[in-house]
Every structure is written in C-alpha cells, then in structure tokens.
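Colleague: Sharing a structure here in structure tokens format.
No lab work stands behind these numbers, since they all come straight from the coordinates. Quantities reported herein were computed from a predicted structural model and do not represent experimental measurements. Every residue, glycine as well, gets a Cβ built from its backbone with ideal geometry; the counts of neighbours run over all protein chains shown.
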C-alpha cells in the first residue's frame, strides 16, 4: 500500500502483438464490429477473445508500441513527483483503463488524472471512448476524483512539434 494519494494514468491506444494467432484477432474483430454496428450488448465470447488479446504475453519485439509507451512513462515519472504513474491502453493491451484505475483504488489513491497520447482533436478514442470510460469510473468509484486532461492546448503542442523539427534541421557546413 502506497502512501501517495494522487495518480496519473497514461493512456495509449494499444496494439496487437505480432505473434498472436490471426484467427483470434479475426474472430474478435468480426464479433466486435457486428455488435457495435447492431448496438447490442457485449457477449461472453467477445469478452473472452478480448481478454486473450489484452493478456497476450508481449515483448518489445512483439509489441513495440507497448514498449514505447512504457519508455515514455519512464521519462514522465520523474516529472510527476507526488504522483503514482500507471500506463493503460484503450484497446488490445493490458491493463485496460478500468483495470489500471481499479489497481490504483486498491493502492489507496483518491485522485486520478487520466491523460492520453492521442493528442489531436477529432479522434473517437480521445473524444468519445475515454470520456465514457471516465464517467463509468466515476460511477464505479464515486469516492475517487477522476479527471480527464483533455483537450490539449494545441498552441503548446505546436511548440513541441516545431522545437522537435528544428532539432532535426542540419546546419549547413561551409
């Protein structure tokens, strides 16, 4: 049990591991897309396949995206003194946002800020799905403060990008 009471969940999109059998992914996608299209409740088969995909053992070679988000978290953590930091994934990868939040609740955290690496406006994950999950977390854990740090300040993001571009500009040699 940690004595820290504030936390950040760094949310990445999530990807499929390269070594997962294609039939598992195809079965999941077929069931999932059909359910979404028809607006029906999630089935036990879809939950089972999602669990297999999310909990598939991963390595940096089989899932470089997960490895990349974890590397970002190691750079972010020292800048978040006083916060517990967890990574989570919108889809395809463990832990889900809900699982990460549940772990933090068990650790005694009372305030959680959720932030995504999906920065640009207009994405269904960052603008629709994550806010819905945050609302579900507020209902599930009414004693916890959940805040979603969205949208991003596009001016600040443009400064980050322009600085990054300038770092790649080669100085001409004479």
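Colleague: Rg/Rh for segment 1-59 to two decimals, with Rh computed the Kirkwood way over all alpha-carbon pairs. It would help to have the intermediate numbers written out before the result.
Modeller: Numbers: Rg = 15.4 Å, Rh = 13.8 Å.
Ratio value, two decimals: 1.12.
Colleague: Rounded, prolate or oblate for the chain? Axes are the square roots of the Cα gyration tensor eigenvalues, ordered a ≥ b ≥ c, and the cut-off for rounded is a/c under 1.5. Could the numbers behind the result be given before it?
Modeller: Working: a/c = 1.71, a/b = 1.23, b/c = 1.39.
The shape class here is oblate.
Colleague: Taking the beta-carbon count within 10 Å as an exposure proxy, list 89, 65, 152 from fewest neighbours to most. Mind showing how you got there, number by number?
Modeller: Numbers: 89 22, 65 19, 152 16.
Listing 89, 65, 152 from fewest to most nearby Cβ atoms yields 152, 65, 89.
Colleague: Just from its helices, what would the mean residue ellipticity at 222 nm be for the chain, if runs of 4 or more DSSP H residues each count -39500 (n - 2.57) and the sum is divided by every residue, rounded to the nearest 500 deg cm²/dmol? Display every interim value, and only then the final one.
Modeller: Numbers: 6 runs with 77 residues, N = 174.
Taken over the chain, the calculation gives -14000 deg cm²/dmol.
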